[in-house]
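Derivation of every value follows stated rules applied to the coordinates shown; laboratory data play no part. As the structure is a prediction and not an experimental result, all values here were calculated from the model. Virtual Cβ from ideal backbone geometry, glycine too; neighbours counted across all protein chains shown.
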Amino acid sequence: MTRTQTTTCMDEFDPAAQTVEQALANIHALTEPARGIERVGLRDALDRVLARDVHAAMDVPPERNSAMDGYAFAGRDLDPEGGTRLKLTGQSLAGHPFSGTLGAGECIRIMTGAVMPDGADSVVMQERVEIDGDVIVLAPGTGAGENVRLPGQDVCRGDVLLGAGRAINAADIGLLASQGIAEVDVRRRPVVTYFSTGDELRGIGEVLASGQIYDSNRHTLHALLRRLSVEIRDMGVIPDEPQAILQAFRDAMDTSDMVITTGGVSVGDADYVKQTLESLGRIDFWKIAMKPGRPLAFGRLGNALFFGLPGNPVSTMATFILFVRPSLQRLMGAEPREPLTLRARCLNRLRKTPGRTDYQRGILSRDESGRPVVGTTGLQGSHVLSSMSRANALIVIPLEAGDVEEGTEVDVIPLDGLI
């Protein structure tokens, strides 16, 4: 009798599995920004994505001003022989400008940011003068036109201050405030619904029976999602029952821009997520040539994008960082940003099977010479969540590479800001 062999998510090699690069390209092609624009106040705009370009309403600086605490004067009064003497006739403070016009041989005391008076085009810092009553003497080498900020030197009126698709950061908030802009148009926050599947999962506070574990993935996902400008909906733990999973999908698909599940996407007898998704939507792919995180399902559920993440906690985090996060950035209306990659010398020998891209947990630091080095956190099983907690980086080992020898230069993705 001939037996047909079925590849599983545990196989080290599966010709149907997509590479990381192929999966990312497919996800990018199928992800469109969520529709909807709303106007928000400046203090509510942090991390929101601009829907339209914001143009400068005024020049910055709006007027000529001093870049130093010192004395403002006219460059034409400089004595080429040195030792220029100028009569002190007033002062210009920030918010309190000098109202007159400088005459020949005159100067005023001026503070950083204060408006330059008419008749002056230069500032000498206070450390380069000597004071003799109401006269100042300039040090040799003082130049004309120095230490003056010109109107529009930073921003000119009408310039694109911030472009559409930009996720607003703290510096952007300050820049907008400096223009007197109180509100901006931003993209609607995508709605992300997520739930876990598994009869073995229990909530925090419940008493565990034999074979049961606490559900960590939903709490991890909640934390990861909070780093993005999305609306989060947690549907809890759904039992491994076809009807329960079907109802959960139906409840989520009509009100969400993205649905995320953890668990139930391999080929076990009780893994119903993939089967249910095929009946309600479509699967574009469901296996990636990577570790951890081989069983990742991606497709559509009605109008919502769908990610079926693996149930093992490290796999959940790895696939979220590499695939869900950039998809969400695009859904938010921003261009996805690839994680920063550094080169570092590996401090350990690392086991690796060719045919998949490995993302091993590591601890990134510097050696005695200040050069980046990375060491393993130890056990790399996808269930070892404590190693993810200890890690501050992922060591990236390419698809066709084998074992990594100690001292080899490797690519490293720092996890700061990602988890």
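Around the Cα centre of segment 65-149, unit charges on the Cβ atoms of Lys, Arg, Asp and Glu (plus for the first two, minus for the last two) sum to a dipole of about 200 debye. Note on the chain: with a GNM built from Cα contacts shorter than 10 Å, the maximum mean-square fluctuation among GLY105, GLY152, GLY281 falls on GLY105. Computed about the Cα centre, the dipole magnitude for segment 130-212 is approximately 580 debye when only Lys and Arg (+1) and Asp and Glu (-1) carry charge, each at its Cβ.
The value of relative contact order for the chain, using C-alpha pairs under 8 Å at least six residues apart, is 16 percent. The longest part of the chain holding none of the exposed loop GluC sites (Glu not before Pro), meaning those outside H, G, I, E and B in DSSP with at most 11 other Cβ atoms within 10 Å, is 207-367. Between the helical axis of 20-30 and the longest alpha-carbon principal axis of the chain there is an angle of about 80 degrees.
Reported to the nearest whole Å, the Cα centre-to-centre distance from segment 67-92 to segment 198-221 is 75. Between the amide H of SER92 and those of ARG109, ILE110, MET111, distances stay under 5 Å, these residues lying 5 or more places away or on another chain, with hydrogens modeled in the peptide plane.
Straight-line cross-link reach from LYS274 at under 26 Å between alpha-carbon atoms covers these lysines, not counting any fewer than eight positions away in the same chain: LYS287, LYS291.
Dipole orientation for segment 71-134: of the candidates THR112, GLN126, ALA94, ALA94 has the Cα lying most toward the positive pole (charges on Cβ; Lys, Arg +1; Asp, Glu -1). Dipole magnitude for the chain: computed about the Cα centre from +1 point charges on Lys and Arg Cβ and -1 point charges on Asp and Glu Cβ, it is near 920 debye. A cut-off under 13 angstrom between Cβ atoms defines the neighbours of ALA244, and their net charge, with Lys, Arg +1 and Asp, Glu -1, is -3. Each of HIS219, GLY308, VAL40 was placed along the dipole of the chain (beta-carbon charges, centred on the mean Cα), and the one lying farthest toward the positive end is GLY308. For ILE283 and SER386, a Förster radius of 30 Å and the Cβ-Cβ distance give a FRET efficiency of 0.40, rounded to the nearest 0.05.
Multiplying the residue separation of LEU342 and ASP118 by 0.36 nm and subtracting their alpha-carbon distance yields 75.4 nm. On the beta carbon distance between THR89 and ALA57, with R0 = 45 Å, the FRET formula returns roughly 0.80. Charge tally around ALA74: other residues with Cβ under 9 Å, Lys/Arg +1 each, Asp/Glu -1 each, net -2. Among THR341, THR84, the order by Cβ neighbours within 10 angstrom, fewest to most, reads THR341, THR84. Restricting the trypsin sites (Lys or Arg not before Pro) of segment 159-238 to loop positions (DSSP other than H, G, I, E, B) with no more than 14 neighbouring Cβ atoms within 10 Å leaves ARG227. A simple count of charges around GLY152, restricted to other residues whose Cβ falls under 13 Å of its Cβ and scoring Lys, Arg +1 and Asp, Glu -1, yields -1. Computed over segment 342-414, relative contact order equals 48 percent, with contacts defined as Cα pairs under 8 Å that lie 6+ residues apart.
Which of ASN392, SER178, PRO151 sits closest to the plus end of the dipole of the chain, meaning its Cα is farthest towards the positive end, when Lys and Arg get +1 and Asp and Glu get -1 on the C-beta? Most positive-ward Cα: ASN392.
Cα centroids of segment 354-393 and segment 402-419: 6 Å apart.
Order of SER382, SER315 from fewest to most other C-beta atoms within 10 Å? Please list the in-between numbers first.
Working: SER382 20, SER315 24.
Ordered by Cβ neighbours within 10 Å, fewest first: SER382, SER315.
The angle between the Cα long axis of helix 217-226 and the main principal axis of the chain comes to about 20°, on a 0 to 90 degree scale.
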